[in-house]
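To keep things clear, I will list the structure first and then write my remarks on it.
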Amino acid sequence: YTWLPLGLAVLRNIETIIREEMVKSGAQEVLMPVVQPAELWQESARWQKMGDEMLRMQDRHERDFCLGPTHEEVITDLFRREVQSYRQLPVNYFQIQTKFRDERRPRFGVMRAREFTMKDGYSFHLDQTSFDATYAEMYDCYSRILTRMQLDFRAVDADTGNIGGANSHEFHVLAESGEDTIVFAANGPYAANLEKAEAALPAATPAPQQGLEKVATPGVKTIADLCAQLELPAAQTLKTLMVVADDGLAAIVLRGDHDLNETKAAKLQGIRTPLQFAGENDIRTTMQAAPGSLGPITCPVPIFVDREAAALADFSCGANEDGYHYIGANWQRDCELEDQQVVDVRNVVEGDPAPDNQGALKFLRGIEVGHIFQLGTTYSTAMNASVLDQDGNSVAPIMGCYGMGVTRLVAAVIEQNHDDNGIIWPAPLAPYQVHLLALNYHKSENVKTATDALYQECQEQGINVLLDDRDERPGAKFADADLIGIPHRIVVGERGLKNSMVEYKRRSDPSAQDVPLAEVLDRIG
RNA sequence: CGGGGCGUAGCGCAGUCUGGUAGCGCACUUGACUGGGGGUCAAGUGGUCGCAGGUUCAAAUCCUGCCGUCCCGACCA
């Protein structure tokens, strides 16, 4: 994508806000290389781990490089060469730069492109206390940045993805078109990405009331089939999914009405990452039954049971025999279950109880515009970055990293600030503050004189003004002004000038008002 | 990568089923009128119909292969 003048002006405004707030938070700006040597990425083992997402290249000597998708390796390399003493800590560096990621599926224009601008920052600390302070400062900094941009946003607990590390928070701009589902507690501060969100623990498993019985269920392939044939609610059934494990297959058991959370599943002990569902042939060979008739009772492979599924009594599940299911099944009596097999692997659903009695969970859609990570010593250890502490011991610094999608923010701002006629820029981001529309500029000497004088006055007052002096009809100018979305619009025309009036309108207001020419610039705050 | 759709003028599309003159809207050019919410009329410019092969007297249209692109699913700022 090429940024045209108006879009570029907005992009620069966003960069300026980010820069100001980062500096205010004690970070220092640097600029790192786009082309990065493979050796650095081999040290952190991410040369393999990043897979196809990394854009790779070779130079004339056939040495391997990549176009930087992120800069943990480069900053850690910089750190280990430049910083030796705990006295130099903490440090916090950031840059605003083009990143390259060979996305599986670029979409929504600049919202997810293979090439984008990101603000990325990295901090180094001697101890956890210092790190915690900076992490909290960055959290505040991100909140200030998004607030200055007048965005409606939420910070949520998040999964760390392939950046790694312990804990992380995402900053989401709320929008229906967002690609992420974010989860909130109705009566408390709990908020998380759906990938990460948990519900409160279920109540203890009730005692069995029914005996185990095997029933014929010819043709039943899905939970819906099963519920229809046995007249059971889906919440009283189990579904069994087969995934590829490090050694053969493994079974993941969920309540029939729940969905698998693939992010959580990929982290289970012994499960292959990224998560891969088993093929039908492998399932048949291993289980002696086809998908649709699978279950945990007499299952020949390791089983993981979602804790909601583990809290059921008298449930129905596949019998591992084509065309048969069990009813009245119960854990322990019919299928032994150890504590470590009971896990959280489902997506929460709206209405689930939130953790810590914070009411029911609710969902919203969000655009992820920022993500801050607690990296710990993952990179400093892998890449031998260390400082000497007060006692002369070599210590691996604790790291944090802080990303913000600059180009994505432009798109996110528009998502939250538009109507049917076009963009409505928040004033701090607008490419111009005033849109001066001259009607019949090329025909009317009065209009031309008054407009030129007003334009001159704007410039003298330091008001950032865009003059539409094109030889277009008024309708076309009004339509373009709405589309472009500059906050203040002043219309100069013969009709008003007869009374020394011009028309003033805010882009966000529904209607315009006539204002004396001499006073109109006072309206612009 | 898997599943689906689409490639015809700068853009958006019709025409393809049923082979026979390549069309419509917007945009663009010129002129006249018009002039406070995307104007009207008139005259124009612009296309090896994605590429390659095949069938046919004849291919945008039928057949084969390739390429591109968009949408839907598994990832991330």
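Each value in this text was obtained by applying a stated rule to the coordinates, not by laboratory testing. Since the structure is predicted, the reported quantities are computational estimates derived from the model, not experimental observations. As a convention, Cβ positions derive from the backbone with ideal geometry for all residues, glycine included, and neighbour counts pool all protein chains shown.
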Open item on the list: Let's test the formula: R0 of 30 Å, r as the Cβ-Cβ distance of A:Arg63 and A:Leu31. What FRET efficiency results, to the nearest 0.05?
Closed with: 0.85
Task: Charge tally in the Cβ shell below 13 Å around A:Arg80, where Lys, Arg are +1 and Asp, Glu are -1, A:Arg80 excluded - done: -4
TODO: From zero up to wherever the largest Cα-Cα distance of the range A:58-215 sits, split into 10 Å bins and tell me the percent of pairs in each.
DONE: 7, 24, 32, 18, 10, 5, 3, 0
Task: Theoretical gain in end-to-end length, A:Asp247 to A:Arg284 [0.36 nm per residue, Cα-Cα removed] - done: 11.7 nm
TODO: Can you put A:Trp3, A:Trp425 in order of Cβ neighbours within 10 angstrom, beginning with the fewest?
DONE: A:Trp3, A:Trp425
TODO: Restricting things to alpha carbons, tell me how big the range A:85-133 is in terms of Rg and Dmax, in Å.
DONE: 16.3, 46
Open item on the list: Run the simple label-point estimate for A:Ser511 and A:Arg87 please: 7 Å along Cα→C-beta, distance reported in nm.
Closed with: 7.1
- [ ] Provide the net charge surrounding A:Asp389, with neighbours chosen by a C-beta distance below 12 Å and charges set as Lys +1, Arg +1, Asp -1, Glu -1.
- [x] -1
TODO: Please report Rg over Rh for the range A:242-339, where both radii come from the alpha carbon positions and Rh follows the Kirkwood definition.
DONE: 0.93
Task: Partner lysines for A:Lys214 [C-alpha distance under 29 Å; skip if fewer than 8 residues away on the same chain] - done: A:Lys239
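What does the helix-only formula give at 222 nm for chain A: each DSSP H stretch with n ≥ 4 adding -39500 (n - 2.57), the total divided by the residues, and the result rounded to the nearest 500 deg cm²/dmol?
Value at 222 nm, helices only: -7500 deg cm²/dmol.
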- [ ] Work out Dmax and Rg for the range A:219-268 from the C-alpha atoms and quote the Rg first, both in angstrom.
- [x] 12.8, 38
Open item on the list: Using only Cα atoms and rounding to the nearest 10 degrees, what angle (0 to 90) does helix A:445-460 make with the longest principal axis of chain A?
Closed with: 60
- [ ] Evaluate the charge dipole of chain A about its Cα centre and quote only its size in Debye, nearest 20, assuming +1 on the Cβ of each Lys and Arg and -1 on the Cβ of each Asp and Glu.
- [x] 960
TODO: Provide, in order from the shortest bin, the percent of all Cα-Cα pairs of the range A:385-525 in each 10 Å bin, continuing until the bin that contains the maximum pair distance.
DONE: 11, 34, 24, 9, 6, 6, 6, 3, 0
Open item on the list: If every alpha-carbon in the range A:399-481 counts as one equal scatterer, what log10 I(q)/I(0) does Debye give at q = 0.11, 0.17 1/Å?
Closed with: -0.44, -0.83
Open item on the list: My understanding is that a pair violates if its Cα-Cα distance is over 25 Å; which of A:Lys196/A:Lys221; A:Lys448/A:Lys477; A:Lys196/A:Lys362; A:Lys119/A:Lys267; A:Lys49/A:Lys221; A:Lys24/A:Lys264 do that in this structure?
Closed with: A:Lys196/A:Lys221; A:Lys119/A:Lys267; A:Lys49/A:Lys221; A:Lys24/A:Lys264
- [ ] Compute the long axis of helix A:128-148 from its Cα atoms, compare it with the longest principal axis of the Cα atoms of chain A, and write down the angle in degrees, 0 to 90, nearest 10.
- [x] 50
Task: For chain A, fraction of C-alpha pairs farther apart than 30 Å, in % - done: 63
TODO: Figure the gain on full extension for A:Leu337 and A:Ala216 (residue separation times 0.36 nm, minus the Cα-Cα span) and round it to one decimal in nm.
DONE: 41.0 nm
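Loop only per DSSP, at most 10 neighbouring Cβ atoms within 10 Å: give me the trypsin sites (Lys or Arg not before Pro) in the range A:460-525, ordered by residue number.
Numbers: sites: A:Arg470, A:Lys477, A:Arg489, A:Arg495, A:Lys498, A:Lys505, A:Arg506, A:Arg507, A:Arg523; in loops: A:Arg470, A:Lys498, A:Arg507.
Sparse-neighbourhood loop trypsin sites (Lys or Arg not before Pro): A:Lys498.
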Open item on the list: Need one number: nm distance between label points at A:Ala133 and A:Gln209, each 7 Å from Cα along Cα→Cβ, rounded to one decimal.
Closed with: 5.9
Task: Charge context of A:Arg63, other residues only, Cβ under 14 angstrom, K/R +1, D/E -1 - done: -2
- [ ] With only alpha-carbon atoms counted, please give the Rg and Dmax of the range A:408-448, in Å.
- [x] 15.1, 44
TODO: Only loop residues by DSSP count here, and only those with at most 10 other Cβ atoms within 10 Å; note down the trypsin sites (Lys or Arg not before Pro) in the range A:102-193 that meet that.
DONE: A:Arg104
